[in-house]
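So the structure is just underneath, and the comments pick up after that.
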Amino acid sequence: MNVPFEPTRQTLDYQKSDAAHHIHAFLDQKALNAEGPRVIVRGEGLYLWDSEGKRYLDGMSGLWCTQLGYGRHDLTHAAATQMDRLAYYNMFFHTTHPAVIELSELLFSLLPGHYSHVIYTNSGSEANEVLIRTVRRFWQVMGKPHKKVMIGRWNGYHGSTLAASALGGMKFMHEMGGLIPDVAHIDEPYWYAQGGDLTPAEFGHRCALQLEEKILELGAENVAGFIAEPFQGAGGMIFPPESYWPQIQRICRQYDVLLCADEVIGGFGRTGEWFAHQHFGFEPDTLSIAKGLTSGYIPMGGLVLSKRMADALVEQGGVFAHGLTYSGHPVAAAVAIANLKALRDEGIVRQVKEDTGPYFQQVLREVFGNHPLIGEIQGTGLLAALQFAEDKATRKRFANENDLAWQCRTFGFEEGVIIRSTLGRMIMAPALVATRAELDELVDKTRIAVDRTARLANRL
Ligand code: PXG
């Protein structure tokens, strides 16, 4: 049982003070101040409670991160024990510590065999910052210092720091903080919106070929790596057509461009595989990880390197001019160990692959397959997106799809479920410990929210 929390202050009081001190993520702060944020005070399993005592089923695992759900005492115990033993030390100046070593042993026992090294960070954004410098360093060591350009995708998301947001393809983010040199972008493989008359297979192929065109335009001798999420996460939970990843891999290999998978959302069991690239069947050179590494209980991320890259950096690289105070933090490492052991030893990832994942996908298709508002359902494991469509036959999207999706999310809150809206898509990514009954509740409540949205759009 989680420790109950009775808020000692009125919601309005919290909201006023919140408005006085915070600039929240990705919204107009003035508008939020007028409305007031929900104050979340407690979590247990898949459920959250707000300061008014209202309970929500969290269909988004926080921000795609609480794989084990809330209130896991094995994780809190691991943190407390490690804090008592060694609250902090670092990996600078000829030191290391058992927690980070044991974490890495465990991590690489879960990863395919061609990965060998990791550089820990505190977040996914940092993992992608480190990625750029590490990839460039690798090419310097390999005697190809001109290989500097990173290619990302429009609408991709790789974090909010300067270089990570530049790798990402969200133009409104670029407008706020500027781009950095030596970054280019190609289109995302979003067939429903951009596929036109092409079949998904043709479109996937066409999108992948854009990478080849971009490499040739920039000169392969200048291109260091291609970064992408195996499936687009924050950009709308968009799955590429099956033809996409094999072509991308072929192109990266052909032009000696590193294939860098951002597994921050897809990693640690979300798709039913330990890592999303395994679901899609390709072999990246690097993996950016965070979120599910600790189930979000404490910040931790990292950049995983292939043995080929690590060997070059270690054997020929000399001084690696990088380091973060909290890289491999013992308390974060202890929590990550407890988290990964639970995901493995309680058979949670296997359960997502064999039981709850297929069940969730089947129920979603039964409930929404013929829904008047839903044009497409994508997903696998405990991950799904519902695409709103004004006209399903022509895949026409609503001009105000953003507003509709936001409204649907608000209806969800009213019904006691948290789902995510992006453009015209509703996203679900519940904790991996979700039971069939909890998945039923998630789908039921989402259906009520979608029905209410359909009535608003005169579709029901
Ligand atoms: N890469 C990917 C693929 C991500 O999804 C990051 C990097 C950055 O991680 P940090 O730990 O620096 O935030 C992310 C983060 C959303 C949402 O609502 C998604 C993220 C963060 C916040 C909200 O979809 N992804």
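The values are calculated or read from the model by the stated rules, or taken from the named source; none is laboratory data. Everything numeric here is computed off the predicted structure, so don't read it as measured data. In this analysis, Cβ positions are derived from the backbone assuming ideal geometry, glycine residues included, and neighbour counts consider all displayed protein chains. Side chains included, ligands, DNA and RNA excluded: accessible areas come from the protein's heavy atoms. Shrake-Rupley method; radii C 1.70, N 1.55, O 1.52, S 1.80 Å.
Here are the numbers:
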{"item": "Cα gyration tensor shape of region 4-51, rounded if a/c is under 1.5, else prolate or oblate by comparing a/b with b/c", "result": "oblate"}
{"item": "Descending semi-axes in Å of region 368-452, equivalent ellipsoid built from Cα gyration tensor", "result": "21, 14, 11"}
{"item": "Förster radius 60 Å - calculated FRET efficiency between I180 and L460, Cβ distance, rounded to 0.05", "result": "0.80"}
{"item": "Region 342-410: proportion of alpha-carbon pairs further apart than 20 angstrom, %", "result": "43 percent"}
{"item": "Computed FRET value (nearest 0.05) for A34 with T76, which takes r as the C-beta separation and R₀ as 30 Å", "result": "0.25"}
{"item": "Region 95-218 - Kirkwood radius from inverse mean 1/r over Cα pairs (Å)", "result": "17.0 Å"}
{"item": "Nonlocal amide H pairs with I186, under 5 Å, H built at 1.01 Å", "result": "G152, R153, W154"}
{"item": "Under 12 Å, Cβ to Cβ, from A99 - net charge with Lys/Arg +1 and Asp/Glu -1", "result": "-1"}
{"item": "Over the chain: helical MRE at 222 nm, DSSP H runs n ≥ 4 each giving -39500 (n - 2.57), nearest 500", "result": "-13000 deg cm²/dmol"}
{"item": "Whole-percent carbon and sulfur share, accessible surface of region 226-286, 1.4 Å", "result": "44 percent"}
{"item": "Local electrostatic count, R137, Cβ distance below 15 Å [Lys/Arg +1, Asp/Glu -1]", "result": "+1"}
{"item": "Chain lengthening between K392 and A321 when straightened (0.36 nm per residue, less Cα-Cα)", "result": "20.2 nm"}
{"item": "Volume per residue of the C-alpha convex hull in region 291-335, rounded to whole Å³", "result": "89 Å³"}
{"item": "Simple spin-label estimate for E346 and E44 in nanometres, 7 Å along Cα-Cβ", "result": "1.5 nm"}
{"item": "Whole-percent pair-distance distribution, where bins are 10 Å wide, for the alpha carbons of region 56-117", "result": "16, 31, 38, 13, 1"}
{"item": "Cα-based reach from K147 at 19 Å (exclusive), listing aspartates and glutamates while leaving out same-chain residues under 8 positions away", "result": "E129, D182, E212, E213, E217, E221, D256, D285, D311"}
{"item": "Separation in nanometres of the label points that stand 7 Å from Cα toward Cβ, at Y88 and D256", "result": "4.4 nm"}
{"item": "Per residue value of the accessible surface for the chain (all protein chains in place, 1.4 Å probe), Å²", "result": "43 Å²"}
{"item": "The chain - percent relative contact order, Cα under 8 Å, separation 6 or more", "result": "19 percent"}
{"item": "All-pairs alpha carbon distance profile, region 302-460, 5 Å steps from 0, percent", "result": "2, 8, 14, 15, 12, 10, 9, 9, 8, 6, 4, 1, 0, 0"}
{"item": "Calculated SAXS-style log₁₀ I(q)/I(0) at q = 0.10 Å⁻¹ - region 233-341, Debye, Cα scatterers", "result": "-0.36"}
{"item": "Placed amide H near K148: partners under 5 Å, 5+ positions off or other chain", "result": "V223, A224"}
{"item": "Over 28 Å (Cα to Cα) - which of K144/K307; K30/K54; K214/K353; K148/K171 fall in this group", "result": "K214/K353"}
{"item": "Region 301-388: equivalent-ellipsoid semi-axes (sqrt of 5 x gyration tensor eigenvalues, Cα, Å)", "result": "40, 19, 13"}
{"item": "Å³ per residue enclosed by the Cα convex hull of region 18-160", "result": "221 Å³"}
{"item": "Karplus 3J(HN,Hα) series, Hz, for region 28-44 with 6.51 cos²θ - 1.76 cosθ + 1.60 (x for Gly, Pro)", "result": "7, 4, 5, 5, 5, 4, 5, 8, x, x, 6, 9, 8, 10, 7, x, 8"}
{"item": "Gyration tensor verdict on region 185-285 (Cα atoms; rounded if a/c is under 1.5, prolate if a/b is larger than b/c, oblate otherwise)", "result": "oblate"}
{"item": "Kirkwood-based Rg to Rh ratio, the chain, C-alpha trace", "result": "0.96"}
{"item": "Karplus-derived 3J(HN,Hα), 6.51/-1.76/1.60, for each residue of region 236-241, Hz, glycine and proline x", "result": "x, 6, 9, 8, x, x"}
{"item": "Cα-projected label distance for H21 with R436, points at 7 Å along beta-carbon direction, nm", "result": "4.7 nm"}
{"item": "Residues whose placed amide H lies under 5 Å from that of E376, excluding near-sequence neighbours", "result": "Q387"}
{"item": "³J(HN,Hα), Karplus 6.51/-1.76/1.60, whole Hz, each residue of region 384-401, x for Gly, Pro", "result": "7, 10, 10, 8, 6, 9, 6, 9, 5, 4, 9, 6, 6, 9, 5, 4, 9, 4"}
